[in-house]
Amino acid sequence: MRGVELWPLIEYNAVVCCIGVSLALEGENVARLSVRLLGPLQVTLDGEPVTAFESDKVRALLAFLVTEAGSQHRRERLAGLLWPERSESVARNNLRVALANLRKAIGDRTAFGDRQATPSFLIITRQTLQFNLESDAWSDVAAFAALLESQSTTKRTVQRLEEAVRLYRGDFMEGFSLPGSAALEEWVLLTRERLGRQVRTTLQRLTRYHQGRGAYERALRYARGQAALAPWEEQGQRQVMRLLALTGQRNAALVQYESLCQILAEELGVEPEDETTALYQRIRNRTDPSSPPFGLAHNLPAPLTSFVGREAELAAIAGRLRDPACRLLTLVGPG
């Protein structure tokens, strides 16, 4: 699937925006070399775009070394990834030429010019190559992974998850392909799926977090981001439907279901899951806005008249009542 730029879909409130520059973006600002792979490949050196790559194979070499920076990579393996149709001697010679161009393009410690990285961006031996994690370089894939490390639900963890989502401009190396290098193409696809799965899980976590605190509008933005990345995944679509209904957008929730039916029929040839259809029916049949959303159990008498014009307040109340930390809820105002 073509990558989706999530940042326009997700707006942070003023509190989060005023915390200060995020660790991830701050790291990019201070690094000499910046490599963005979440979305189209973008490389900058000292704030200027790097355009001196002689071929896509040089770009692929940089992307592979940056993404797999935790390991040393033998030269014969890299040569086989990039030039599988060539003999080993020819492939290794091509690798040497590509490496020389890469070092010149990114200003690595080399005889070319007067721009030198200290320490060098690449760790080079006669047998192996490796991207130097101690160098003055930043990559979005490394920052993304670091921001996802915590599994807690503290406020700071939620902020880090939001920063991780902000880094995700689209699919890994979006729009990039290297015909004739099947193994490298397979690596790109597997990495793309792994990172896509991680960002969808993160969006799901953020949706649940904000929904559980009654922040339905904010939760809806994250749910929509998840559905945009994987429109065939019904769990994300159900979150969008539920949150649309909770924010008083019942017709939009019904339209969301109809769009999902069309996507599933056209792309997969299947019908929605029973759980999704059941949610659609509950939203469609909820004619009394005063009823707690989606059959929340209660022992109150049935209302005698319709309570009009308080959908948002009712949704907020329901969200607070679902929060285990909420032991007492007081309503103040005219009857």
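Projected label points at Arg77 and Leu254, each 7 Å from Cα along the beta carbon direction, are separated by 5.7 nanometres.
Modelled spin labels at Ala146 and Ala183, positioned 7 Å past Cα toward Cβ, are 3.1 nm from each other. The distance between label points at Asp136 and Glu88 comes to 4.0 nm (points 7 Å beyond Cα on the Cα→Cβ vector). For Cys261 and Gln127, the FRET efficiency from 1/(1 + (r/R0)^6), where r spans their Cβ atoms and R0 equals 56 Å, is about 0.50.
Express the carbon and sulfur contribution to the solvent-accessible surface of segment 131-190 as a percent, rounded to the nearest whole number, probe 1.4 angstrom. Don't skip to the end; give the middle numbers.
Working: 1500 of 2690 Å².
Of all accessible area on segment 131-190, carbon and sulfur atoms account for 56 percent.
Put the Cα centre of segment 55-95 next to the Cα centre of segment 214-233 and the gap is 38 Å. One quarter of the convex hull surface built on the alpha carbon atoms of segment 220-285 amounts to 3.9 nm², the projected area averaged over directions. Here the gap between Arg208 and Leu268, fully extended at 0.36 nm per residue and compared with their Cα-Cα distance, gives a gain of 18.9 nm. Here the calculated FRET efficiency for Gln281 and Trp232, from their Cβ-Cβ distance with R0 = 25 Å, stands at 0.75, rounded to the nearest 0.05.
The values are calculated or read from the model by the stated rules, or taken from the named source; none is laboratory data. It should be emphasised that the depicted structure is a prediction, and the values quoted were computed from it without experimental measurement. Cβ: placed from backbone, ideal geometry, glycine included. Neighbour counts: every protein chain shown. Calculation scope for accessible area: heavy atoms of the full protein, side chains included, ligands and nucleic acids excluded. Shrake-Rupley method; radii C 1.70, N 1.55, O 1.52, S 1.80 Å.
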